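Trainee: My questions all concern the structure below.
The values are calculated or read from the model by the stated rules, or taken from the named source; none is laboratory data. Given the structure is predicted, the values throughout are model-derived calculations rather than measurements. Cβ sites come from the backbone with ideal geometry, for glycine too, and all protein chains shown count toward neighbours.
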Amino acid sequence: MSLSITKIDCSQDAAEDLFSQLREKLSPRGDVVSEAGKQRTMELFGEPLSPQQVVEKICRDVQEGGLKSLLDYSAKLDGKQLTLETMRVSEAELDAAHEAADDNYLETIRRIRESIILFQSEILPENVQIIREVGSGAGEIDLRQRYLPLKRIGICVPGGAAAYPSTLLMTAVPAQTAGVAEIVVVVPPTEFGGYNTDLLAACKEIGVTEVYRVGGAQAVAALAYGVEGIERVDKIVGPGNLFVALAKKHVFGEVDIDSIAGPSEVIVLADKTANPEYIAADLISQAEHSPGSGVLITWHAPLIDAVHAALESQLETLERGDLARRALEDYGALILARDADEAARLTDLLAPEHLHISMDDPESMLEQVQNAGAIFMGNFTPVALGDYLAGPSHVLPTGGTARFANGLSSIDFLKRSSIIGYNREALAEADRDLKLMTDKEGLTAHYASAAIRLQPEP
């Protein structure tokens, strides 16, 4: 079967329109949901509600109806009749899953956890204190920046089409490294989710013991608002489908979130040294999420047809080849830039979740590119290394939001506070500047709160 993927030649007149269409498809404004998802919405709600309307209804119902609404939606959307007791994975179930797990698997989990801790601990900021002496007297100012871990966070782990212990590791371990005391995992009540022994064994192995068999927008609402049996959290992280992403957007402000994640994506930025078979494999690896996007940008013209041929060949042999094919046809592209500078500019415009610089000298291109969630350097660093074990989290900004957003890290589980201390002499030294500024803004009570402290002692 021939792969009908978009090809854009930047020297052609229509290139700008085609590139704009590609950007729109990948933007967070796009309603990227499968046809099966649309049909299911009609079946469950009896009307053509948009994904946003569905999420608003679910979140409102869970906020108002609590546990009953949460369990009703689990029955309606996931087909599972849960109770307060069966919703939470018991300690005995976690123990049994861990005991039954393959030793090699648990050893791998431990090695990956150590790699993540090594990276995430090194990037944690240190508390800062600056003590300044002011004036000619005994004036002293004490300024500090204090970092404390959040107390309680919630993690959404997908479990619809596959099991994702990697997501557990890439979210829970950075939080643990930051010092978060309470970590809550919600996962759909499916064979790949809350009933998956590999996932539960990984939870036990890394010390996560509060696990609930609830998924989707209803799980996000339960974490944000709290229901009987699930205490509310301070922050929600982790990927999910469109409904999970929209639910996180809806509850933001009630709690913090990591990002509003869309379909997975990769741009491969390649020169003549790149292997077309490697590139095809990289594009397919993200497209197999379905929806997922794979885009090649190169200024070496022969790569376009060579990668196209490699894609067609590899898609025929892969278990999820049909799903990846559909995603590449809908959200993929092979782009021929005029030169390396234009390739870098186009990459920054798309601001991808994953950027693979497939060149023999990737550092030379790295200096020209700013916008990417994670960047993979050279011909032997597939994105899969970052997805599973390198150390930085695989929870990354999508849909062009890497222009301003960052990947999840241990830093995101810290709350920082400024601590300010003046003694009386330092306050007197600041008196003149404080009065001038408060007079300019007309907020005289602000100045009065300082002036009253400088009056002579009775």
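Trainee: Looking only at the range 133-148, which residues are in a strand (DSSP E or B) and without any contact (Cβ under 8 Å) to a residue 24 or more places away in the chain?
Mentor: Glu133 - this is the single residue of the range 133-148 that is in a strand (DSSP E or B) and without any contact (Cβ under 8 Å) to a residue 24 or more places away in the chain.
Trainee: Which residue, of Leu70, Leu44, Leu77, is assigned to a helix (DSSP H, G or I), under 30 Å from Glu329 (Cβ atoms), at pLDDT 90 or above and not assigned by TED's automatic domain parsing to the domain that holds Met170?
Mentor: On inspection, the qualifying residue turns out to be Leu77.
Trainee: Looking at this structure, is Asp339 surrounded by fewer than 16 Cβ atoms within 10 Å (Cβ to Cβ), closer than 16 Å to Met359 by Cβ and at pLDDT 90 or above? Steps first, please.
Mentor: Working: surrounded by fewer than 16 Cβ atoms within 10 Å (Cβ to Cβ): yes; closer than 16 Å to Met359 by Cβ: yes; at pLDDT 90 or above: yes.
Judged against the criteria, Asp339 is a match.
Yes or no, residue by residue, for (1) assigned to a loop (DSSP other than H, G, I, E, B); (2) under 25 Å from Asp72 (Cα atoms); (3) of a type outside the set (A, V, I, L, M, F, W, C):
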{"site": "Val185", "(1), (2), (3)": "no, yes, no"}
{"site": "Ala221", "(1), (2), (3)": "no, yes, no"}
{"site": "Gly240", "(1), (2), (3)": "yes, yes, yes"}
{"site": "Lys249", "(1), (2), (3)": "no, yes, yes"}
{"site": "Gly262", "(1), (2), (3)": "yes, no, yes"}
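Trainee: Out of the range 149-183, which residues are farther than 18 Å from Arg113 by Cα and part of a helix (DSSP H, G or I)?
Mentor: Passing the criteria: none in range.
Trainee: Now a separate question. Taking the conditions exactly as written (charged (D, E, K, R), touching a residue at least 24 places away in the same chain (Cβ under 8 Å) and buried (at least 24 other Cβ atoms within 10 Å of the Cβ)), does Arg320 satisfy them or not? Quick ask: steps written out before the conclusion?
Mentor: Details: charged (D, E, K, R): yes; touching a residue at least 24 places away in the same chain (Cβ under 8 Å): yes; buried (at least 24 other Cβ atoms within 10 Å of the Cβ): no.
In short, no.
Trainee: Of the conditions (1) closer than 16 Å to Ser293 by Cα; (2) part of a helix (DSSP H, G or I); (3) modelled with pLDDT of 90 or more, Leu334 fails just one. Which one is it?
Mentor: Evaluating Leu334 over (1) closer than 16 Å to Ser293 by Cα; (2) part of a helix (DSSP H, G or I); (3) modelled with pLDDT of 90 or more leaves (2) as the failure.
Trainee: Another question, if that's okay. Condition check: exposed (fewer than 14 other Cβ atoms within 10 Å of the Cβ) and in contact (Cβ under 8 Å) with a residue 40 or more places away in the chain. Does Glu122 satisfy that?
Mentor: No, not satisfied.
Trainee: Something else about it: Return yes or no: is Gln145 over 23 Å from Val62 (Cβ atoms) and polar (S, T, N, Q)?
Mentor: On the way: over 23 Å from Val62 (Cβ atoms): yes; polar (S, T, N, Q): yes.
Considered against the rule, which asks whether it is over 23 Å from Val62 (Cβ atoms) and polar (S, T, N, Q), Gln145 comes out as yes.
Trainee: Here's a check for you: in the range 405-440, which residue that is in a helix (DSSP H, G or I) and under 41 Å from the mean Cα position of the chain (by Cα) is surrounded by the fewest Cβ atoms within 10 Å (Cβ to Cβ)?
Mentor: Looking at residues that are in a helix (DSSP H, G or I) and under 41 Å from the mean Cα position of the chain (by Cα), I get Ile411.
Trainee: So, Ala333, is that one crowded, with 20+ Cβ neighbours inside 10 Å and either more than 25 Å from Phe119 (Cα to Cα) or in the same structural domain as Pro158 (by TED's automatic domain parsing) (or both) or not?
Mentor: When the stated conditions are applied, Ala333 passes them.
Trainee: Also, I was wondering about something else. Can you spot a residue in the range 340-362 that is among the acidic types (Asp, Glu) and farther than 22 Å from Gly400 by Cβ?
Mentor: yes
Trainee: Name the residue, out of Val214, Val244, Val227, that is modelled with pLDDT of 95 or more and under 20 Å from the mean Cα position of the chain (by Cα).
Mentor: Going through Val214, Val244, Val227 in turn, just one is modelled with pLDDT of 95 or more and under 20 Å from the mean Cα position of the chain (by Cα): Val214.
Trainee: From the list Gln286, Gln218, which one is more than 24 Å from Gly373 (Cα to Cα), of a type in the set (S, T, N, Q) and buried (at least 23 other Cβ atoms within 10 Å of the Cβ)?
Mentor: Gln218
Trainee: Return the residues of the range 73-85 that are acidic (Asp, Glu) and under 28 Å from the mean Cα position of the chain (by Cα); say none if nothing qualifies.
Mentor: Answer for the range 73-85, where residues must be acidic (Asp, Glu) and under 28 Å from the mean Cα position of the chain (by Cα): just Asp78.
Trainee: What is the number of the single condition among (1) without any contact (Cβ under 8 Å) to a residue 40 or more places away in the chain; (2) more than 18 Å from Arg416 (Cβ to Cβ); (3) of a type in the set (Val, Ile, Thr) that Val157 does not meet?
Mentor: Unmet condition: (1).
Trainee: Considering the range 290-304 alone, what residues qualify as being more than 7 Å from Ala327 (Cα to Cα) and out of contact with any Lys or Arg (no Cβ under 9 Å at 6 or more places or on another chain)?
Mentor: Hits for the range 290-304 are Gly294, Val295, Leu296, Ile297, Ala301.
Trainee: Quick check on the range 107-130: of everything there that is among the β-branched types (Val, Ile, Thr) and in a helix (DSSP H, G or I), which residue is farthest from the chain's Cα centre (by Cα)?
Mentor: First pass over the range 107-130, keeping only residues among the β-branched types (Val, Ile, Thr): 108-109, 112, 116-117, 123, 128, 130.
Remaining after also requiring in a helix (DSSP H, G or I): 108-109, 112, 116-117.
Working: Thr108: 23, Ile109: 21, Ile112: 19, Ile116: 16, Ile117: 18 Å.
Among them, the one singled out is Thr108.
Trainee: State which residue is modelled with the lowest pLDDT when the search covers only the range 342-365 and only residues that are assigned to a helix (DSSP H, G or I) and farther than 18 Å from Val295 by Cβ.
Mentor: Checking each candidate, the answer is Ser364.
Trainee: Now, a different point. Only one residue in Ser393, Ser358 is touching a residue at least 12 places away in the same chain (Cβ under 8 Å), in contact with a helix residue (DSSP H, G or I) (Cβ under 9 Å, 6 or more places away or on another chain) and within 19 Å of Thr177 (Cβ to Cβ). Which one?
Mentor: After applying the criteria, what remains is Ser393.
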